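*Asks:* I have a structure I would like to understand better, so I am pasting it below and will then ask my questions one at a time.
The values are calculated or read from the model by the stated rules, or taken from the named source; none is laboratory data. All values reported here derive from a predicted model rather than from experimental measurement. Using ideal geometry, Cβ is built from the backbone for each residue, glycine included, and neighbour counts are taken over all protein chains shown. Heavy atoms of the whole protein, side chains included, go into the accessibility calculation; ligands, DNA and RNA do not. Shrake-Rupley method; radii C 1.70, N 1.55, O 1.52, S 1.80 Å.
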Amino acid sequence: MYRIQNKLEIATAGATERTFGLLKGIEECIDEELEGLSLISNKKVSALRAILEEIDSDPVRLKDFKGYYDIRYAIEAQGITRYESIQIIKYFKINHQFLDVIRKMDSNDSPIECRTFERHFDEE
């Protein structure tokens with residue numbers, strides 16, 4: 001993406017120091033870029049993965065699973081916000097992980113924002 005941006009900048013008015021710095025691995029530029037992102041830690045991803053894996057790997061638990069509200073407290077106990085859980089579950093869905101569990105969340109036992117987990121890349 002940065003290479004495309006760099007080409008566009010060069011074609012119009014020249015590369016910005018930010019794009020140049022990112023492409024050349026200037027740590028200061030990279031740090032500034034990362035500060036603007038909402039990062040979700042590996043620890044949180046792993047914790048939510050474990051929660052969903054418990055359900056997905058047990059046919060009885062999967063059958064009894066009704067929706068997001070069934071796992072809400074387990075998720076919160078791991079320090080994962082609802083916003084973060086939505087992003088992580090979207091990530092799992094895109095990677096074709098836990099699809100049976102995710103499909104079951106499309107129910108009245110889930111808040112509206114935790115039902116389909118459609119990906120939207122323009123979200124902030």
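*Asks:* Which of the helices (runs of 4 or more DSSP H) contained wholly in region 45-105 include at least 1 residues that are in contact with a Leu (Cβ under 6 Å, 6 or more places away or on another chain)? Write out each step before concluding.
*Replies:* Values: elements: 59-64, 72-77, 82-94, 99-104.
So the answer is 82-94, 99-104.
*Asks:* A further question on this structure: Could you tell me which numbered condition ASP109 fails, if it satisfies all but one of (1) open to solvent by less than 80 Å² (accessible area, probe 1.4 Å); (2) in a helix (DSSP H, G or I)?
*Replies:* Only one criterion in (1) open to solvent by less than 80 Å² (accessible area, probe 1.4 Å); (2) in a helix (DSSP H, G or I) is unmet by ASP109, namely (2).
*Asks:* Would you point out the residue of region 65-76, among those that are without any contact (Cβ under 8 Å) to a residue 24 or more places away in the chain and over 16 Å from GLU53 (Cβ atoms), that is least open to solvent (accessible area, probe 1.4 Å)?
*Replies:* ARG72
*Asks:* So the check is Cβ under 8 Å with 6+ separation or different chains; which pairs have a first residue in region 30-42 that's more than 13 Å from GLN87 (Cα to Cα) and a second one that's of a type outside the set (Lys, Arg) and surrounded by 10 or more Cβ atoms within 10 Å (Cβ to Cβ)?
*Replies:* Final answer for the pair search is ILE30/GLY21; ILE30/LEU22; GLU33/LEU22.
*Asks:* Hey, among the residues in region 112-124 that are part of a helix (DSSP H, G or I) and out of contact with any Ser or Thr (no Cβ under 9 Å at 6 or more places or on another chain), which one's most open to solvent (accessible area, probe 1.4 Å)? Reasoning before the result, please.
*Replies:* Step one: list which residues in region 112-124 are part of a helix (DSSP H, G or I), which gives 112-114.
Narrowing the set further to residues that are out of contact with any Ser or Thr (no Cβ under 9 Å at 6 or more places or on another chain) leaves 112-113.
Details: ILE112: 131, GLU113: 80 Å².
It comes out as ILE112.
*Asks:* Against the conditions (1) polar (S, T, N, Q); (2) farther than 21 Å from PHE117 by Cβ; (3) exposed (fewer than 13 other Cβ atoms within 10 Å of the Cβ), where does SER38 fall short? Just the number, please.
*Replies:* Result: SER38 fails condition (2) only.
*Asks:* Only residues that are at pLDDT 95 or above, within 11 Å of ILE88 (Cα to Cα) and of a type outside the set (Lys, Arg): list them for region 41-51, please.
*Replies:* Going through region 41-51, the residues at pLDDT 95 or above turn out to be 43-51.
Subset that is within 11 Å of ILE88 (Cα to Cα): 44-49.
Of everything in region 41-51, those that are at pLDDT 95 or above, within 11 Å of ILE88 (Cα to Cα) and of a type outside the set (Lys, Arg) turn out to be VAL45, SER46, ALA47, LEU48.
*Asks:* How many residues, within region 13-57, are over 30 Å from TYR73 (Cβ atoms) and polar (S, T, N, Q)?
*Replies:* Initially, region 13-57 is screened for residues over 30 Å from TYR73 (Cβ atoms), giving 13-36.
Of the ones still in play, those that are also polar (S, T, N, Q) are 16, 19.
The total comes to 2.
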